[in-house]
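Trainee: Structure provided below as structure tokens; questions to follow.
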Amino acid sequence: MVGGGFAGLQATKGLHGADVHVTLVDRNNYHLFQPLSYQVATGALSPAEIAQPLRRIFHDDVNVRVIMGEVTDLALDRHAIVIQPPEAGPEHELPYDSLIVAGGSAYNYFGHDEWRPLALEVKSLESAIEVRARILRAFEAAELEPDPQVRAALLTFVIVGAGPTGVEMAGQIGELARDTLRGDFRAIEPGQGRVLLVETADRVLTAFPASLSEKAAHALRRLGVTPMTDHTVTDVTSGAVELKDGSGAITRVPTRTVIWAAGVTASPLAGMLGHGCGAQVDRAGRVAVEPDLTLPGKPEVIALGDMVVLRDPRGGDPIALPGLAPVAMQEGRYAAKLILDRLAGRPTKPFRYLDKGQLATIGRGEGVADIHGLHLAGPLAWATWLLVHLFYLIGFQNRVIVLIRWAVNFLTRGRGARLITDGVTHRPGSPGR
Ligand SMILES: Cc1cc2nc3c(=O)[nH]c(=O)nc-3n(C[C@H](O)[C@H](O)[C@H](O)COP(=O)(O)OP(=O)(O)OC[C@H]3O[C@@H](n4cnc5c(N)ncnc54)[C@H](O)[C@@H]3O)c2cc1C
């Protein structure tokens, strides 16, 4: 099993107690609950509250061995994977009978990799912690800054991409500035800062019905966020972003904090799989798998989650399921069942995704939900979001701590994890450690 994210975790759990030996390989020693990483980036939660060590999760599963290492090659012809250990040293080769690959995805920067260090994303825990430091440091620097233009740039936060992550991130920064930090500074008023949410499409949350997009935009404005729809980022530098609107007009926005939440590309492991068996790989780097999630001509290799599209058996374009945790989890559970059914000689069925709807939160008591045509907005959607995320968070202790944290944050409008912990030498443009 390559990858201990949403898909890999469910696939491994599904093989619990079965007469199979599972080796789970991940470059991290923890499972990360990505849907809450933006709360780490805005100081609402601490890193350990949304991550759980893989060894702890599988402590009681004696048929599961956890290996920390980077998978650098998939040698499908020799039925082996190549792993780079966490410390420098020779690579290891691990043979397999069945291989499940669930390496997830990463943000793509529209072909501008040079923007990556300037416009951080919140997909990894390390990056979320760095984003938290950058946001908080901008307020600290603004407190000391005599030049009003530089101060305004420090208090301008630009979020690129108005999907659920961008919307949630923008709402949280708005709340941080207006509520949490209110009264904490003497020379600046944090609530006077600008939070710009840039989106190429003509509305926020394009995957939701238009009426919910409108309500979400309204809730964002109440938090001081300016949704800049019909705008595309054309350049990012250490001091500004350049935006182009629908008419082609260019605006330069001075800012020190840009957060990236737009466009994803599949893990390079998908490309390796495609290369290894001749399967189609789409523009987002996803490999096309058969309707039972196996690779064409390689029934012993299964690929799951954000890094796959489904081949259309009728010859049409591959079917891309949404890049959501429920898709990955259902595919993971399906993969475990497929392996067990095969071992037991039972017939297998193609994978079917059960769409349970989608949710997004905007701020304290504000959310939107689209559940089988039932459109909710406001506190009810927010409460549903809260319950669903608590339910799926891994680890009982994490659930209890996060519940308490959210309750305290809600009642006090506070954020307990407002620490700048990466050290001043880590600033963009600074000499480094
Ligand atoms: C910020 C953010 C917020 C999100 N919010 C939501 C939400 O609210 N609701 C929702 O449904 N979905 C949300 N998603 C999407 C959801 O997190 C993904 O769809 C889901 O994580 C995909 O699961 P996966 O198993 O395919 O990949 P991941 O969960 O990303 O897991 C991939 C795993 O593979 C490991 N890995 C990758 N490459 C290698 C390698 N070469 N060697 C070893 N290990 C490797 C990684 O370390 C990781 O553990 C969000 C995503 C992000 C980034």
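We did not get these values from a lab; they are worked out from the coordinates using the rules stated. All figures in this text were calculated on a predicted structure; none of them were measured in a lab. Don't worry about glycine lacking a Cβ; one is built from the backbone with ideal geometry, like all the others, and counts go over all protein chains shown.
Trainee: Take the Cα pairs of segment 332-373, get the Kirkwood Rh, then feed it into Stokes-Einstein at 4 °C and 1.567 mPa s and tell me D in µm²/s.
Mentor: 97 µm²/s
Trainee: Grab the alpha carbons of segment 206-327, take their convex hull, and tell me the volume per residue in Å³.
Mentor: Per residue, the Cα convex hull of segment 206-327 comes to 176 Å³.
Trainee: Over what distance in Å are the Cα centres of segment 17-81 and segment 156-175 separated?
Mentor: Going from one Cα centre to the other spans 28 Å.
Trainee: Let me ask something else. Would you mind checking the tilt of helix 325-343 against the longest principal axis of the Cα atoms of the chain, expressed as 0 to 90 degrees and rounded to 10?
Mentor: Taking the Cα atoms of the chain, the angle to 325-343 is about 10 degrees.
Trainee: Which semi-axis lengths, in whole Å and largest first, follow from the square roots of five times the eigenvalues of the Cα gyration tensor of segment 159-212?
Mentor: 27, 10, 8
Trainee: Using DSSP, restrict attention to beta bridges with both residues in segment 190-306 and report what percent are antiparallel, rounded to the nearest 5.
Mentor: 75 percent
Trainee: While we're on this one: Any idea how far the Cα center of segment 205-271 sits from the one of segment 307-362, in Å?
Mentor: Their Cα centres are 30 Å away from one another.
Trainee: Percent antiparallel among DSSP beta bridges with both residues in the chain, to the nearest 5?
Mentor: Bridges in the chain that DSSP calls antiparallel: roughly 60 percent.
Trainee: Could you tell me the extents of the chain's C-alpha atoms along the three principal axes, largest first, rounded to whole Å?
Mentor: So the three principal-axis extents are 71, 47, 41 Å.
Trainee: What FRET efficiency would be calculated for the residue pair Asn29, Asp235, taking the C-beta separation as r and a Förster radius of 51 Å, to the nearest 0.05?
Mentor: 0.85
Trainee: A further question on this structure: Based only on other Cβ atoms within 10 Å, what is the fewest-to-most ordering of Val264, Val301?
Mentor: With the sparsest Cβ surroundings first, the list reads Val264, Val301.
Trainee: With labels modelled as points extended 7 Å from the Cα through the Cβ direction, what inter-label distance (nm, one decimal) is found for Asp292 paired with Val82?
Mentor: In this crude label model, Asp292 to Val82 measures out at 3.0 nm.
Trainee: Can you compute the modelled spin-label distance between Glu114 and His92, with each label point 7 Å from Cα toward Cβ, in nm?
Mentor: It works out to 4.1 nm between the two label points.
Trainee: How much FRET efficiency would the formula 1/(1 + (r/R0)^6) give for Arg55 and Phe410, where r is the Cβ-Cβ distance and R0 is 51 Å, rounded to 0.05?
Mentor: Efficiency, from the Cβ-Cβ distance: 0.95.
Trainee: Using a Förster distance of 45 angstrom, determine the FRET efficiency expected from the C-beta separation of Arg314 and Leu380, and round it to 0.05.
Mentor: 0.65
Trainee: While we're looking at this one, here's another question. What length, rounded to one decimal in nm, is gained on full extension from Ile371 through to Arg221, with 0.36 nm per residue of separation minus their alpha-carbon distance?
Mentor: Result: 51.6 nm gained on full extension.
Trainee: Provide the net charge surrounding Gly373, with neighbours chosen by a C-beta distance below 14 Å and charges set as Lys +1, Arg +1, Asp -1, Glu -1.
Mentor: Result for the neighbourhood of Gly373: -1.
Trainee: Taking other Cβ within 10 Å of each residue's Cβ, how do Ile129, Ile404, Ile100 sort, fewest first?
Mentor: The order, fewest Cβ neighbours first, is Ile404, Ile129, Ile100.
Trainee: So if I place +1 on the C-beta of Lys and Arg and -1 on the C-beta of Asp and Glu, and nothing else carries charge, what would the dipole magnitude of the chain be about its Cα centre? I want it in debye, nearest 20.
Mentor: Roughly 1020 debye for the chain.
Trainee: On to the next question. Search the structure for amide H atoms under 5 Å from the amide H of Ser105, placed 1.01 Å from N in the peptide plane, and list their residues when 5 or more places away or on another chain.
Mentor: Long-range HN contacts for Ser105: Ser267.
Trainee: Taking 0.36 nm per residue of separation and subtracting the Cα-Cα distance, what length does fully extending Glu242 through Glu214 add?
Mentor: Length gained between Glu242 and Glu214: 7.5 nm.
Trainee: Count the DSSP beta bridges whose two residues both fall in segment 223-365, then state the antiparallel fraction as a percent rounded to the nearest 5.
Mentor: Beta bridges within segment 223-365, antiparallel portion: roughly 80 percent.
Trainee: Here's something else I'd like to know. In what sequence do Ser211, Ser37 fall when counting other Cβ within 10 Å, fewest first?
Mentor: Ser211, Ser37
Trainee: Give the residue list of trypsin sites (Lys or Arg not before Pro) in segment 166-274 that are DSSP loop and have at most 12 other beta-carbon atoms within 10 angstrom.
Mentor: Listed in order of number, the matching sites are Arg186.
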